[in-house]
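*Asks:* First the structure, then my questions, so here it is.
Quick note: the coordinates plus some simple rules give every number you see, no bench work behind them. Keep in mind that what you see is a predicted model, and the values were worked out from it rather than measured. Methodologically, a virtual Cβ is constructed for each residue, glycine included, from the backbone with ideal geometry; neighbour enumeration extends over all protein chains shown.
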Amino acid sequence: MQRRRLVPIVLALVGLLAVLVGVRQGLVHVAPGYEGTIMTGWDGPLNHEEQLLTRLAVLGVVGSVAALRWRRLAVVPAAVGGVVLFYALRAALHYALDPGLYVEVSTYAGPSRFVLGAEPVLLVAGGALLVAAGIVRWRADTDDESPDTRVSTA
């Protein structure tokens, strides 16, 4: 098996790893230097959306492996990456608009400032890697038809 054929699988696996680590991180934190905590409920199992994202990322890796045999399945990791990107951007936008990021908000302990945690950054990275895996696999067959690999009939 050629090494170039393994690139989409490696991209998808790294994307899966980023999603797996990302869902275990916090979405929003209290900025350093401010008192206060945010109750996120992260004392137990993953919530429904986080479980869905991890299962979708696994599906993206499976789709990337299956795309080695059937090129059309390269859309699976790309689509899965798009869903992961959409979730991360939607969640970050939700907290950016209400109550607002990087602005002081009043809490019972005094003023606090909310900042984004590692989760949206890791989910965006994982989603982008899954999209890249789909694109690289889709383009791999068209690159094999380059002029230097074709035999001249003249």
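*Asks:* For segment 57-70, take each phi angle, set θ = phi - 60°, evaluate the Karplus expression 6.51 cos²θ - 1.76 cosθ + 1.60, and give the result in whole Hz per residue in order, putting x for glycine and proline.
*Replies:* So the Karplus estimates, Gly and Pro as x, are 5, 5, 4, x, 5, 4, x, 5, 5, 5, 5, 5, 8, 10 Hz.
*Asks:* Continuing with the same structure: Output the peptides 46-59, 85-98 sorted from most to least packed, where packing is the average of other Cβ atoms within 10 Å over each peptide's residues.
*Replies:* Output ranking for 46-59, 85-98: 46-59, 85-98.
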